[in-house]
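Only one structure is covered here, and it is reproduced in the block below.
The values are calculated or read from the model by the stated rules, or taken from the named source; none is laboratory data. Just so it is clear, the model here is predicted, and its values are computed rather than measured. Here Cβ is always computed from backbone atoms with ideal geometry, including for glycine, and neighbour counts include all displayed protein chains. What goes into the accessible areas is simple: the full protein's heavy atoms, side chains included, and nothing from ligands, DNA or RNA. Shrake-Rupley method; radii C 1.70, N 1.55, O 1.52, S 1.80 Å.
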Amino acid sequence: MRSTRLLAGLLSVLLLTPLLLSAQGVNRYGNPSRVRPAPTTSAINIRDLQIRLYQFADDSMQGRQVGRYGNKKGTDYIAAELKRLGIQPAGENGTYFQTLPYLLRRFEPSSRVAVNGNPLAWNDEVVAVPGQRAPRPIQDAPVILGGTAGDTTTQITAAQAAGKVVILLPAPGRRAAGGPVAFGGRMGAPGPDRFADAAAVATVDLDELTSAQRRAINEPTVATQLAAVRGPAAAPQGAAVDSLAMLKAQMAALNPAAQLRITRAAAAKLLGGVPIEGLAAGATGGLVNASLHFTSVQSEFGRNVIGVIPGSDPALRHEYVAIGAHNDHVGFTTPVDKDSLKAFNDLLMAWMLKNEMRQPTIEVLGQFTVNMDSVRKVHPVARLDSINNGADDDGSGSMGVLEVAEAIAALPVKPKRSTLFIWHTGEEGGLVGSAYFVRHPTVSLDLIVATINVDMIGRGRAEDLPGGGDDFVGVIGSYFDSKDLGDQVKTTNAKQGKPLALDYKFDDPIAWAGYNNLYGRSDHINYARQGVPIAFFFTGLHGDYHQRSDEAEFIDYPHYARITNFLKDLTVDVGNGPRPKLNGTKPARAPRPIS
Ligand SMILES: [Zn+2]
């Protein structure tokens, strides 16, 4: 007896060490500012959720934006955990991943530009800016001075520019941006492009960039999907459509003019050795030939992560219960003092709670004063933060689903149906990951009996939204496609040790600022539209929503752990119960006529 008590004592110390170590510096929510990585257990508890979420929402994940390295880091973490837990891959080619076509585009260093046979120094005097597509070839193209970028009053005509290398002076007062620029390169909004028929457009704004910045133009860090070709703006109602112009514009977009950036010295070489300052628009120069080696490679910056635990019932294991969350967030931005931001957001939230959740006016915002004295006692130096960590959005959902996977993987008897775990990418980019999955499902959609979507279950305190509190959880769309599924949610909840307060108010439009169209704003909608019954779980928005202050240390872990345990039980119950029928109140897809 004494030895077992000793053992139990030791075990709890070992288990709690990571937490104990940081317990001294806890915030007003009782959370430490740091939690060290440690092995998790099969139980769903505060400790494990903290260990996972403090990693997944750490600054090093760079806000996990789709198309950026941060998303790869987040999806690598999830896949490594699935492997560690012995959960089977259900992505492409026997992997955990379903890779979306996010491409990294660049011009290879072997690219060359020459005038009258004399090469310009690549990455020094001239750099080509990668766009969406390979540019048209440049062969014996005459040079012409085209005027100033963005100022059509100074520019030559489209006819003068056609087939030529057009040199543009930079827009006055505009600082040249270093590094890779968003595709399309040229400054200013895409208007009717008078230089669309040019062989190339070369802007004289490279002198201000360091050689590292010049090289970085073709060291892309952002991968993008191939955007559809946009034709010219639609002709006004009733006006004759110039289909030839439309076709020409689409051809130009498919095979665009190269966008070059050059130094003043290079400009002079292109214009026959005459410094650009003394020349007027229309001045001509030598003949340009170029071989621009454009490459676009598939990146790992936009991946769905998918795993499966096969069902235990031979008759039902071919069917799936899907539970998912989104693995991405909105990346990083300019640095701010995160504690004053947090203090300000708390003030804003407190005001909204007192004012029927209205958005305050500028005047009201102007009256907010943030007292930083207490914060400065703890953090004398401002903690600058540029990362949108997305701890709640949707780190909480992603790590909650991972905990559900770990718990089900440890069950001696698995649910009868198979359980599919999906972490969608690109939710913040327009639900692109779930849209891609339902178009390219790795298991047949007809065999998915229900999809449980989890997006933001880490907050929901009384200080975050009206009705918030320890038991609060928003349930959205659970009765829309299938009354059976809606009922199952209630039945499973009623069996909880301490049932949650299921709140259905978001099933209907609500006038609170920021709460528009919740049903249509997360990944479940793409499944519902394919006739898969869905249930969406959400604990509400809050002052730190899409802010740099959406951090792991502000999560409500006891509440979060209860909801995650409930989601595990729900997934198991749907996996063992009768298949939910499409007998809902507002099906997203009209039931198919029985043929
Ligand atoms: Zn989200």
Failed item, numbered, when Ile408 is tested on (1) surrounded by 19 or more Cβ atoms within 10 Å (Cβ to Cβ); (2) more than 24 Å from Pro37 (Cα to Cα): (2)
Condition broken by Asn493, with the remaining ones in (1) of a type outside the set (D, E, K, R); (2) touching a helix residue (DSSP H, G or I) at 6+ places or on another chain (Cβ under 8 Å); (3) at pLDDT below 95 satisfied: (3)
Test: Lys377 is of a type in the set (Lys, Arg), crowded, with 22+ Cβ neighbours inside 10 Å, away from the ligand (no atom under 16 Å from the Cβ) and modelled with pLDDT under 95: no
Residues located in the stretch 380-390, provided they are of a type outside the set (D, E, K, R), away from the ligand (no atom under 16 Å from the Cβ) and in a loop (DSSP other than H, G, I, E, B): Pro380, Val381, Ala382
Failed criterion for Arg459 (all others in (1) out of contact with any strand residue (DSSP E or B) (no Cβ under 6 Å at 6 or more places or on another chain); (2) away from the ligand (no atom under 16 Å from the Cβ) hold): (2)
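Taking the stated definitions as given, is Val305 within 25 Å of Ala128 (Cα to Cα) and open to solvent by less than 30 Å² (accessible area, probe 1.4 Å)?
On the way: within 25 Å of Ala128 (Cα to Cα): no; open to solvent by less than 30 Å² (accessible area, probe 1.4 Å): yes.
Against the criterion (within 25 Å of Ala128 (Cα to Cα) and open to solvent by less than 30 Å² (accessible area, probe 1.4 Å)), Val305 does not qualify.
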Verdict on Asp487 being over 30 Å from Asn345 (Cα atoms), buried (at least 21 other Cβ atoms within 10 Å of the Cβ), acidic (Asp, Glu) and away from the ligand (no atom under 16 Å from the Cβ): no
Filter result (open to solvent by 50 Å² or more (accessible area, probe 1.4 Å), touching a residue at least 40 places away in the same chain (Cβ under 8 Å) and either within 26 Å of the chain's Cα centre (by Cα) or in the same structural domain as Ala268 (by TED's automatic domain parsing) (or both)) within the stretch 83-100: Gln88, Pro89, Glu92
Scope the stretch 407-454; condition touching a residue at least 12 places away in the same chain (Cβ under 8 Å), part of a loop (DSSP other than H, G, I, E, B) and either within 16 Å of the ligand (Cβ to nearest atom) or not assigned by TED's automatic domain parsing to the domain that holds Gly311 (or both); matching residues: Thr425, Gly426, Glu427, Glu428, Gly429, Leu431
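Here is a check on your reading of the model: is Gly540 at pLDDT 95 or above, open to solvent by less than 10 Å² (accessible area, probe 1.4 Å) and farther than 28 Å from Gly63 by Cα? Steps first, answer last, please.
Working: at pLDDT 95 or above: yes; open to solvent by less than 10 Å² (accessible area, probe 1.4 Å): yes; farther than 28 Å from Gly63 by Cα: no.
When the stated conditions are applied, Gly540 does not pass them.
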The stretch 500-517: number of residues that are part of a loop (DSSP other than H, G, I, E, B) and open to solvent by 60 Å² or more (accessible area, probe 1.4 Å): 5
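Matching residues to (1) acidic (Asp, Glu); (2) over 29 Å from the mean Cα position of the chain (by Cα); (3) assigned to a strand (DSSP E or B):
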| residue | (1), (2), (3) |
| --- | --- |
| Val274 | no, yes, no |
| Ala280 | no, yes, no |
| Gly286 | no, yes, yes |
| Phe344 | no, no, no |
| Leu347 | no, no, no |
| Glu356 | yes, yes, no |
Residue count for the stretch 119-155, restricted to those that are among the β-branched types (Val, Ile, Thr) and open to solvent by 40 Å² or more (accessible area, probe 1.4 Å): 3
Number of the condition not met by Asp393 [criteria: (1) of a type in the set (D, E, K, R); (2) crowded, with 18+ Cβ neighbours inside 10 Å; (3) in a helix (DSSP H, G or I); (4) more than 16 Å from the ligand (Cβ to nearest atom)]: (4)
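From the list Tyr515, Tyr560, Tyr504, Tyr519, pick out the single residue that is aromatic (Phe, Trp, Tyr) and more than 27 Å from Asn388 (Cβ to Cβ). Before you say what the answer is, go through the steps one by one.
Details: Tyr515 fails: more than 27 Å from Asn388 (Cβ to Cβ); Tyr560 fails: more than 27 Å from Asn388 (Cβ to Cβ); Tyr519 fails: more than 27 Å from Asn388 (Cβ to Cβ).
Among Tyr515, Tyr560, Tyr504, Tyr519, only Tyr504 is aromatic (Phe, Trp, Tyr) and more than 27 Å from Asn388 (Cβ to Cβ).
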Failed item, numbered, when Gly474 is tested on (1) surrounded by 20 or more Cβ atoms within 10 Å (Cβ to Cβ); (2) within 16 Å of the ligand (Cβ to nearest atom); (3) closer than 24 Å to Arg64 by Cα: (3)
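Taking the stretch 314-329 on its own, how many of its residues are of a type in the set (D, E, K, R) and either within 20 Å of Gln98 (Cα to Cα) or open to solvent by less than 40 Å² (accessible area, probe 1.4 Å) (or both)? Step through it out loud before you land on a result.
Going residue by residue through the stretch 314-329, those that are of a type in the set (D, E, K, R) are 317, 319, 328.
Then keep just the ones that are either within 20 Å of Gln98 (Cα to Cα) or open to solvent by less than 40 Å² (accessible area, probe 1.4 Å) (or both); that gives 319, 328.
Of the residues in the stretch 314-329, 2 are of a type in the set (D, E, K, R) and either within 20 Å of Gln98 (Cα to Cα) or open to solvent by less than 40 Å² (accessible area, probe 1.4 Å) (or both).
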Index of the failed condition, Gly400 passing every other in (1) within 16 Å of the ligand (Cβ to nearest atom); (2) in contact with a Ser or Thr (Cβ under 6 Å, 6 or more places away or on another chain); (3) not in a helix (DSSP H, G or I): (3)
Failed item, numbered, when Asp523 is tested on (1) surrounded by fewer than 24 Cβ atoms within 10 Å (Cβ to Cβ); (2) closer than 27 Å to Arg439 by Cα; (3) of a type in the set (Asp, Glu): (1)
